[in-house]
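S.K.: Before anything else, here's the structure in question.
The values are calculated or read from the model by the stated rules, or taken from the named source; none is laboratory data. Owing to the predicted nature of the structure, the values given are computational and were not obtained by experimental measurement. When we count neighbours, we look across all protein chains shown, and the Cβ atoms used for this are built from the backbone with ideal geometry, even at glycine. The accessibility values were calculated without ligands, DNA or RNA, using every heavy atom of the protein model including side chains. Shrake-Rupley method; radii C 1.70, N 1.55, O 1.52, S 1.80 Å.
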Amino acid sequence: MSSLSYRPDIDGLRTIAVIPVLLFHAGVSWFNGGYIGVDIFFVISGFLIASIILAQIDSGRFSLADFYQRRVRRIIPALLLVITVTIPFSFYFLSPGDFEKYLVSIIASIFFVSNFTFWRDSGYFDSGADEKPLLHTWSLGVEEQYYLVFPLLMLLLWRERTKWLAVSLVIIGIVSSFFLSLWALGISQDAAFYLTPFRVWEILVGASAAVVVNKFGKPNSDVLSLVGLLVLVFSFWLISPATPWPSVYTLLPCIGVILILLYTREGSLVYRILSVKPMVFIGILSYSLYLWHQPVLAFIRAQSLKEPTALMLLIGLLVSFALAYISYRFFERPLRFGFSNSKHSRRLFLALFVWAALLSTGSIAYIYATDTVKNEILAPNKGLSAKCDMPDNWSSDCVYGDVKEDVNIVWGDSYAMHLVDGLLANSPNIQLLQMTKSSCAPTIGLANVRNTERSYDFQSCLDHNESVLGYIERNKERIRNVILASPFLYLANPDFVVQLDGVVQQGSWAAMEQGILETLSRLSELNISVTLVAPPPRSEFNVGRCLEKAGRFKMEFSECAFDLPSEYRELSIFLSDIALKQNQESSVSSTVSFVDLTETVCSNSGYCLAFEDDIILYRDNGHFTISGARYLGGKYNWDRTILKYDQ
C-alpha cells in the first residue's frame, strides 16, 4: 500500500461517533450509551494513523519530525483556542475552588496528561463531572501518549526482516492491554476508564486493521460491512453508564468499526449511508465539535441550580455547532493546511509554543499567587477526624471524652460520620467512640462488592465490622449504647453486587435485612442497647452544589429543596419493622430504638429542606454539613433521641 486515499465514509463514521457523545453529554436518555463514541474515535484514529505511517515507511518517505508536525497542526491550534476562550467563562461560572481545578486541567491538557488528572480527581460519571469544561480532553491524553511510542516502534520494526515482530507486538499489545483493562476494572473502574495502558488496545485494534490492509490489500464484503454498522447501532442501544467500561462489552463497538473500515467498498449501502453530505460535513467538524461541546454544556450546567432544561441543553448543542464551524473554517483549517513553506511553519510552531507556554505559566502563576479559600461549609463531614475513616487502631483521634465507662459507639459508614457533630451539639460532656468506614454499612457478614461504577474492598469492610464487634464484645461492661447508621439502600439495590455470608449475589432487600438482623442479634446477645438510624433522604441532584451556586449567583436557596424520594419512605418503614422484629424476638432486656432522620428535614407532605435558619444542611446529595449536623442535632435533641440520655 503506497498511499491512503480519502474515504468520505470514514468522515461519516466520525459523525456516528461524535453525535452520540454530544447527545449523551446533553442528557438525552435514549443515548445513554453515547459515550462509546470516544471508543469509535480510538479505533478510527488507530486505523488511519497506522495506515499513513506504514504506507510512508514502505515508500521511504516517513519522518518522525513530519509526523509530529502534522499532529501538532491537527490537535494543538483548536485545543489552545478552546482553552483560551473558556478561561473568562470559567472564571465567572465556576466557584473559586473549581476554577483552580480548571487551571490545573489547562496545564494537564496542554501536556496531554489530563487523563491522569481527571482519574485522580473524580470519575467520568460522577456528580459534578459534567461541570468540568475540559473533562473531555482525557481522550486526547490517551491518544497522544500512544503516539509517542507507536510511530517510533513502527519506524524501527516495519522492515522486511522484522515486520513479523511489529505484527507480534501489535497483537500482544491488544491482548495484554485488553486483559489488563478487565483486571483494572475489578480494582478501580476510574483507572480502567482513564489510563492509557487499559485503553490502548482499542487504538491498536484499529492499527491491526491497517496492518491487514497494508499486507493483504483491502477486502470487500457488503454483508460484513452492513453487519458492522448494525453492531455499532446495537451497541448504542445496549450500553449505558451502568455498563462496566471498558470491558468485554467494549468489543462490540470496536468490532463494528473494524468491519466497516475493512469491508466497506465504494458504492455499497453502508458507503452510501455514511457518505451523504450532511454526514461527511459533520464528520469533518467532529474534532472541533468534540472540543467545543463539553465547555458549552459545562457552563450551562454550572449556572443552573439543578439539571438544566432540555431546551437549554439543545441551545448549547446548537452553539457548539456554530463555534465548531467558525473555528474550523477560520482557524483550524487554515493553520492545519496553510503555512506550507518551512519559514512560515517555524513561525507557526513558535507562535503555538509561546501561546501554550503563556497559558501554562499563567495558570501556574494564578494558582500560586491566589489564596483560594476552600469552602469549609461543604467540606467532607468525617465526624471527629478524617482519621476515623476506618482507623487501623482506635486512636485518640476517634475518641471523645473519657471512654472508661458509659461509652457510646458510633458504627457505620459516612452516614454515621456525619452524625457525630450533631450528637455532641447539646451534650458536649458525653463519652463517644467513632468506629466508621466509608461505604461500609454496619452489617455483619454483608458487604458491597461492586456497583455499576466502581468496585469496593468488601473484605476490608467485613474485617472492619468484625473488628468493631470484637471491640464491643471485649468491652461490653463499659458500653452504654451503639448507634448504627448507614443509607443501607445500596445493599438492596439490584444493580449492586454484595457478599452475604461468603456468597456473592445481587443486592436485595432480603440480603439487607439479614445483614442488619445479624448485627442486631449479635449486639442483643451482649445485652447492648442499640439505636438504628434511618438516613436523611438523598436527592437526585447535588444539594450542596446547588446551595453554593444559589449563594454565588444571588438566587433563592429554596430552589434547592427537593421532594422526598419514595424509596426513603419505604426504607424508614423497613428499618422500623426490623427494629420491632428484633425487640419481639430478643430474650434479653436490651432494646433496639429506631430514629428516622427524614423527619428532621422533610415535612409530612414530603417537602425536604436544604437550608434552614441561615444554615446549609446538605453538603452533597445526602450528607449533612458539619454546621447542618450541629444545628439539627441541637434542634431535635439527638443526645436524647439517638444517644438516649435523660430517658
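S.K.: Using +1 at the C-beta of Lys and Arg and -1 at the C-beta of Asp and Glu, which of T531, L484, T196 has the Cα lying farthest in the positive direction of the dipole of the chain?
M.R.: T196
S.K.: Considering only C-alpha atoms, what is the centroid distance from the range 111-184 to the range 212-230, in Å?
M.R.: The range 111-184 and the range 212-230 have Cα centres separated by 25 Å.
S.K.: Return the equivalent ellipsoid semi-axes of the range 209-363 as a descending list in whole Å, where each equals the square root of 5 times an eigenvalue of the C-alpha gyration tensor. Could the numbers behind the result be given before it?
M.R.: On the way: eigenvalues 221, 145, 56 Å².
The three semi-axes for the range 209-363 are 33, 27, 17 Å.
S.K.: Additional query: Helix 566-585 sits at what angle to the longest principal axis of the chain, using alpha carbons and giving 0 to 90 degrees rounded to 10?
M.R.: Tilt of helix 566-585: around 40 degrees.
S.K.: Just order 614-622, 573-581 by mean Cβ neighbour count inside 10 Å, highest at the front, would you? Mind showing how you got there, number by number?
M.R.: Values: 614-622: 20.6, 573-581: 16.3.
Output ranking for 614-622, 573-581: 614-622, 573-581.
S.K.: Mind jotting down the three principal axis lengths of the range 194-253 based on Cα atoms? Whole angstrom, largest first.
M.R.: 39, 28, 12
S.K.: Work from the charge dipole of the chain (Cβ charges, +1 for Lys and Arg, -1 for Asp and Glu, about the Cα centre) and give the residue of F299, I578, I444 farthest towards its positive end.
M.R.: Positive-most Cα among the choices belongs to F299.
S.K.: Could you state the per residue volume, in Å³, of the convex hull enclosing the Cα atoms of the range 49-124?
M.R.: It comes to 108 Å³ per residue, whole-number rounded.
S.K.: Give the relative contact order (percent, whole number) for the range 524-593; include only Cα pairs under 8 Å separated by 6+ residues.
M.R.: The normalised contact order for the range 524-593 reaches 55 percent.
S.K.: Could I ask something else about it? Which ³J(HN,Hα) values, rounded to whole Hz and listed in residue order, are derived for the range 159-171 from phi using the Karplus coefficients 6.51, -1.76 and 1.60 in 6.51 cos²θ - 1.76 cosθ + 1.60 with θ = phi - 60°, glycine and proline given as x?
M.R.: With the stated coefficients, the range 159-171 comes to 10, 3, 7, 10, 4, 4, 6, 4, 4, 4, 5, 4, 5 Hz.
S.K.: Let me ask another. For the chain, give me every cysteine whose Cβ has no other Cys Cβ within less than 4.7 Å, ordered by residue number.
M.R.: C254
S.K.: Still on this structure, please answer the following. Just flag the trypsin sites (Lys or Arg not before Pro) in the range 136-193 sitting in loop per DSSP whose Cβ has no more than 15 other Cβ atoms within 10 Å. Can you show the working numbers first?
M.R.: Working: sites: R159, R161, K163; in loops: R159, R161.
Listed in order of number, the matching sites are R159, R161.
S.K.: Over the range 58-178, what percent of the accessible surface lies on carbon and sulfur atoms, probe 1.4 Å? If you can, show how the numbers build up before the last one.
M.R.: Details: 3630 of 5340 Å².
The C+S portion of the solvent-accessible surface of the range 58-178 is 68 percent.
S.K.: Any idea how far the Cα center of the range 559-613 sits from the one of the range 455-471, in Å?
M.R.: 25
S.K.: Can you pull the percent of the range 1-50's accessible area that's carbon plus sulfur, 1.4 Å probe, other chains left in place?
M.R.: Its accessible area is 63 percent carbon and sulfur atoms.
S.K.: When Lys and Arg each count +1 and Asp and Glu each count -1, what net charge do the other residues less than 14 Å away from G316, Cβ to Cβ, add up to?
M.R.: Details: positive: R301; negative: D130, E131, E307.
Result for the local shell: -2.
S.K.: Based on alpha-carbon centroids, what's the gap between the range 51-108 and the range 244-293 in Å, whole number please?
M.R.: One Cα centre to the other: 22 Å.
S.K.: Here's something else I'd like to know. What does the helix-only formula give at 222 nm for the chain: each DSSP H stretch with n ≥ 4 adding -39500 (n - 2.57), the total divided by the residues, and the result rounded to the nearest 500 deg cm²/dmol? Intermediate results must be reported in sequence, preceding the final value.
M.R.: On the way: 27 runs with 358 residues, N = 647.
Value at 222 nm, helices only, nearest 500: -17500 deg cm²/dmol.
S.K.: Using the crude model of +1 on Lys and Arg Cβ and -1 on Asp and Glu Cβ, and no other charge, please compute the dipole size for the chain relative to its Cα centre, in debye to 20. Kindly include the intermediate steps, with their values, before the conclusion.
M.R.: Working: 51 positive and 58 negative charges, 714 e Å.
Approximately 3420 debye in magnitude.
S.K.: How much FRET efficiency would the formula 1/(1 + (r/R0)^6) give for D222 and K554, where r is the Cβ-Cβ distance and R0 is 60 Å, rounded to 0.05?
M.R.: 0.45
S.K.: Could you sort W292, W355 by their accessible area in this structure, using a 1.4 Å probe and putting the largest first? Don't jump to the answer; show the numbers that get you there.
M.R.: Values: W292 15, W355 60 Å².
The ordering from most to least exposed comes out as W355, W292.
S.K.: Does the range 161-293 come out rounded, prolate or oblate by the C-alpha gyration tensor, with a ≥ b ≥ c the root eigenvalues, rounded set by a/c under 1.5 and, if not, prolate when a/b is larger than b/c and oblate if not?
M.R.: On the way: a/c = 1.81, a/b = 1.18, b/c = 1.53.
Oblate is the answer for the range 161-293, as a/c is 1.5 or above yet b/c matches or exceeds a/b.
S.K.: With axes computed from alpha carbons, what is the tilt in degrees of helix 222-238 against the longest principal axis of the chain, rounded to the nearest 10 within 0 to 90?
M.R.: Taking the Cα atoms of the chain, the angle to 222-238 is about 20 degrees.
S.K.: Moving on. Could you compute Rg(Cα) / (2.2 N^0.38 Å) for the chain, with N its residue count?
M.R.: On the way: Rg = 28.5 Å, N = 647, 2.2 N^0.38 = 25.7 Å.
With N residues counted in the chain, Rg over 2.2 N^0.38 Å equals 1.11.
S.K.: Only Cα pairs under 8 Å and at least 6 apart count here; give the relative contact order of the chain as a rounded whole percent. Can you show the working numbers first?
M.R.: Numbers: 1089 pairs, mean separation 91.2, N = 647.
Dividing the mean separation by the residue count of the chain yields 14 percent.
S.K.: Looking at the range 535-610, which GluC sites (Glu not before Pro) are DSSP coil and have at most 10 other C-beta atoms within 10 Å of their C-beta? Please report the intermediate quantities before stating the final value.
M.R.: Values: sites: E540, E548, E556, E559, E567, E570, E585, E599; in loops: E540, E556.
Here the sparse-neighbourhood loop sites are E556.
S.K.: Once the whole set of protein chains is in place, how much accessible area is left on K101, using a 1.4 Å probe, in Å² to the nearest 10?
M.R.: Here the residue's solvent-accessible area equals roughly 110 Å².
S.K.: In addition: Between F89 and I273, what FRET efficiency comes out of the Förster formula 1/(1 + (r/R0)^6) with R0 = 41 Å and r the beta carbon distance, rounded to 0.05?
M.R.: Numbers: r = 37 Å, r/R0 = 0.91.
About 0.65, to the nearest 0.05.
S.K.: From the Cα gyration tensor of the range 61-193, with a ≥ b ≥ c the square roots of its eigenvalues, which class applies: rounded if a/c is under 1.5, or else prolate if a/b is larger than b/c, or else oblate? Kindly include the intermediate steps, with their values, before the conclusion.
M.R.: Numbers: a/c = 4.37, a/b = 1.54, b/c = 2.83.
Oblate, since a/c reaches 1.5 and b/c is not below a/b.
S.K.: Same structure, new question: Tell me the carbon and sulfur percent of the accessible area for the range 472-619, rounded to whole percent, probe radius 1.4 Å.
M.R.: Working: 3010 of 6670 Å².
Ligands and nucleic acids excluded, carbon and sulfur reach 45 percent.
S.K.: Still on this model: What Kirkwood hydrodynamic radius, in Å, does the range 1-109 give when the mean of 1/r is taken over all pairs of distinct Cα atoms and then inverted?
M.R.: Working: mean 1/r = 0.0589 Å⁻¹.
For the range 1-109, inverting the mean 1/r across all distinct Cα pairs yields 17.0 Å.
S.K.: What accessible area per residue, rounded to a whole number of Å², is obtained for the chain using a probe radius of 1.4 Å? Please report the intermediate quantities before stating the final value.
M.R.: Working: 28010 Å² over 647 residues.
For the chain, the solvent-accessible area averages 43 Å² per residue.
S.K.: Which translational diffusion coefficient, to the nearest whole µm²/s, is obtained for the range 289-366 from the Stokes-Einstein equation, given a Kirkwood hydrodynamic radius over C-alpha pairs, 10 °C and 1.306 mPa s?
M.R.: On the way: Rh = 15.1 Å.
For the chosen part, D equals 105 µm²/s.
S.K.: Could I ask something else about it? How would E612, E513, E202 line up by accessible area, probe 1.4 Å, largest first? Could the numbers behind the result be given before it?
M.R.: Numbers: E612 30, E513 55, E202 0 Å².
Accessible-area ranking of E612, E513, E202, largest first: E513, E612, E202.
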